[in-house]
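A quick write-up on the structure given underneath.
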Amino acid sequence: MNQQIISNSGSSATRAIYDQYAGLLYGYIYEVVKDKQIAEQYLLSVFNDLPQHLQDVLQPGVNTYNRLQQMARRSLNSFFETVPDCPPADNVPARPNKFLSRMNAEQQIVFCNIHYNGKSIGKLAAELDKGEDEIRKILQQAFAAIRRAA
Amino acid sequence: MNLDIQKYLDSGMLEAYVTGSATQEEEREILYFTQKYPEVKQALEQLELDMELMAAVMAIPPPPGAWDKIDSAIDDIILREQTAPNPFKERQEQSFRPKEDAPRYIDADIQDSHMRVHKAWKWVFAAVFILGKIFLATAIYFYLENRQAQQQIQELKTEVKALK
């Protein structure tokens with residue numbers, strides 16, 4: 001009986017999270033995979049796994065969207081390996097993106113490779129022949145651009 | 001604000017964490033700093049909000065029917081969890097009886113250098129140990145007695161020779 005209550009409340013909690021964040025997550029996944037059907041599959045995968053992670057996602061002080069995005073990234077891990085490098089700076093987003101348009105070319109490449117292509121700082125640093133500290137610094141500047149655009 | 005903390009905030013480490021590109025070691029370090037320094041925690045929360053805001057602007061309404069698929073998948077999990085376990089049934093005595101032609105022992109290839117014995121053997125080992133001690137004491141006693149007797153015989157022989 002208790003199991004049923006927990007399961008049912010888990011289902012309604014999942015629904016509430018879906019209503020609030022599914023669109024945000026679907027938008028992010030679409031930017032990664034650039035195909036709506038594939039994006040839907042990954043979205044379903046994240047929300048199918050969500051009941052097992054509800055305790056973690058609903059912890060006080062935790063940003064729910066951030067946790068969902070972490071789950072999506074884990075789910076996309078194998079996809080990231082197949083994604084080609086970010087396109088040239090003038091063609092980074094799949095859709096118009098006012099945040100990316102506020103970044104300079106270098107910031108766009110770093111942000112795109114990390115956020116949409118799932119690359120680690122170390123890997124990107126090696127690819128761009130820069131130091132990891134420099135990549136982090138550029139990433140920080142990219143976030144400053146996002147904040148300015150908000 | 002502490003200069004080191006400001007330096008840490010300016011390092012881009014938190015941005016790497018929020019984008020999931022930090023190493024596990026860096027993640028542990030960041031979580032430690034967020035617990036220790038409220039400024040770090042506040043900065044991290046702000047970055048998470050920035051990400052959420054960007055996602056909100058770039059959001060796409062999920063495909064119609066997506067929730068129904070998720071809901072049915074969750075229901076499926078719940079139904080599987082609610083399946084009643086098989087009630088316990090006492091096994092029939094007959095099921096324990098070996099077949100007539102079956103060997104009484106099975107071969108076991110065990111690498112362990114230890115063996116297990118029945119507790120009753122404890123008393124047997126104790127009795128063997130005590131009896132061993134008794135036999136050893138008796139043997140020493142008779143050896144000494146014998147040596148003393150030999151000495152006495154030797155002395156008597158010497159006395160007899162002297163009397164002759």
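Read-outs throughout are calculated quantities, based only on the coordinates presented, and are distinct from any laboratory measurement. Computed from a predicted structure; not experimentally measured. Glycine also receives a Cβ, built like all others from the backbone with ideal geometry; neighbour counts cover every protein chain displayed.
In segment B:1-44, what residues are closer than 25 Å to A:Asn77 by Cα and either in contact with a Gly (Cβ under 8 Å, 6 or more places away or on another chain) or not in a helix (DSSP H, G or I) (or both)?
Scanning segment B:1-44 gives B:Gly12, B:Thr19, B:Gly20, B:Ser21, B:Ala22, B:Thr23.
Yes/no per residue for (1) under 17 Å from B:Glu48 (Cβ atoms); (2) out of contact with any Phe, Trp or Tyr (no Cβ under 8 Å at 6 or more places or on another chain):
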position	(1), (2)
A:Glu40	no, no
A:Asn48	no, yes
A:Val57	yes, yes
A:Asp85	no, yes
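Would you please name the residue that is nearest to the other protein chains (Cβ to nearest Cβ), looking only at residues in segment A:115-125 that are in a helix (DSSP H, G or I) and either under 20 Å from A:Ala150 (Cα atoms) or touching a residue at least 60 places away in the same chain (Cβ under 8 Å) (or both)?
A:His115
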